[in-house]
Amino acid sequence: MTNPEQPGLALAVLDMAGTTVTDDGLVQAAFDAALDAAGIGTDSPAEPELRRHIRDTMGQSKIEVFRAVFDENTAQRANRAFEQCYAGQIDTGRVAPVPGAPEAITALRGAGIKVALTTGFSRDTQHRLVAALGWRDIADLVLCPEDAGGRGRPYPDMVLTALLRLRVDDVARVAVVGDTASDIRTGARAGASVLVGVLTGAHDGPTLRAAGATHVLPSIADLPALLTPALT
């Protein structure tokens with residue numbers, strides 16, 4: 001297991017929904033809207049398997065989640081419904097920081113660790129989310145799949161894009177943090193040395209560890225104590 005206390009950690013790549021942001025079930029509501037738009041009702045025989053697919057692929061680029069199970073036109077329709085539902089509720093007070101998340105990000109940056117926020121949402125939805133939270137300046141970088149050539153999790157592209165843009169010289173100096181198996185697999189594929197699962201979102205501890213997490217924490221609030229022990 002990698003020791004996170006070793007000197008030289010330079011970048012923490014943090015997921016948003018479920019990791020640094022709580023949304024009062026809005027992601028699930030948006031997936032409900034997407035399935036409706038795709039013509040999948042609760043009485044459809046395909047509905048249970050699609051729900052399982054959605055649960056297993058939490059954290060991935062939403063359009064790719066839909067492309068895996070629908071034809072292109074249906075996938076695009078489902079994706080539009082998802083984004084419209086989520087974005088339309090951002091300003092209603094349903095989204096908020098996970099308790100301790102802003103303080104954790106500030107502590108990491110204060111310790112000299114750069115922070116990138118990543119998501120599987122579209123750029124427009126991500127920007128609206130960041131604006132609603134008042135987080136325009138909270139991180140060094142904010143990325144969505146469109147910023148990394150269109151490929152989201154579990155591909156390593158967003159992590160590697162963050163490394164390149166923030167001029168980090170070694171993937172071993174990167175920590176990746178998220179609430180889903182896809183977050184952990186993304187970090188592993190990018191070569192990050194510290195892969196942290198948090199229990200405030202979609203997947204449980206055994207699922208995160210099975211995906212390769214080196215550490216599992218109750219919350220992002222506990223991250224500075226792991227990555228910057230000298231501050232605690």
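The values are calculated or read from the model by the stated rules, or taken from the named source; none is laboratory data. Computed from a predicted structure; not experimentally measured. Note that we place each Cβ from the backbone using ideal geometry, even for glycine, and neighbour counts take in every protein chain shown. Each accessible area value is taken on the protein alone, full model and side chains, heavy atoms only, with ligands, DNA and RNA left out. Shrake-Rupley method; radii C 1.70, N 1.55, O 1.52, S 1.80 Å.
For every residue, the table says whether it meets (1) at pLDDT 85 or above; (2) open to solvent by 70 Å² or more (accessible area, probe 1.4 Å); (3) more than 22 Å from VAL174 (Cα to Cα); (4) not acidic (Asp, Glu).
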residue	(1), (2), (3), (4)
ASN79	yes, no, yes, yes
GLU83	no, no, yes, no
GLY88	no, no, yes, yes
THR92	no, yes, yes, yes
LEU108	yes, no, no, yes
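Out of ARG185, ARG189, ARG153, which single residue is charged (D, E, K, R), more than 25 Å from ALA107 (Cα to Cα) and surrounded by 24 or more Cβ atoms within 10 Å (Cβ to Cβ)?
Details: ARG185 fails: surrounded by 24 or more Cβ atoms within 10 Å (Cβ to Cβ); ARG189 fails: surrounded by 24 or more Cβ atoms within 10 Å (Cβ to Cβ).
Result of the check over ARG185, ARG189, ARG153: ARG153.
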Checklist outcome for this item: Residue pairs qualifying under the 6 Å Cβ cut-off, at least six apart or on distinct chains, with the first in the stretch 20-48 being touching a residue at least 60 places away in the same chain (Cβ under 8 Å) and the second being basic (Lys, Arg), are ASP23/ARG94; ASP24/ARG94; LEU26/ARG94
Item to check | Tally of residues being in a loop (DSSP other than H, G, I, E, B) and on the phi < 0 side of the Ramachandran plot across the stretch 7-21 | outcome: 6
Next on the checklist: Let me spell it out: the conditions are (1) charged (D, E, K, R); (2) outside any loop (DSSP other than H, G, I, E, B); (3) on the phi > 0 side of the Ramachandran plot, and ASP24 meets all of them except one. Which number is the exception?
Outcome noted: (2)
Checklist entry - Which members of the stretch 1-38 meet the condition of being at pLDDT below 85 and among the hydroxyl-bearing types (Ser, Thr, Tyr)? => result THR2
Next on the checklist: Conditions first: (1) under 22 Å from LEU26 (Cβ atoms); (2) crowded, with 24+ Cβ neighbours inside 10 Å. THR207 passes all but one, so which condition is the exception?
Outcome noted: (2)
Next on the checklist: Which residue is modelled with the highest pLDDT, if the candidates are limited to the stretch 57-73 and must be surrounded by fewer than 17 Cβ atoms within 10 Å (Cβ to Cβ) and touching a helix residue (DSSP H, G or I) at 6+ places or on another chain (Cβ under 8 Å)?
Outcome noted: ARG67
Checklist entry - Can you find a residue in the stretch 126-141 that is under 26 Å from ASP24 (Cβ atoms), within 15 Å of the chain's Cα centre (by Cα) and modelled with pLDDT of 95 or more? => result yes
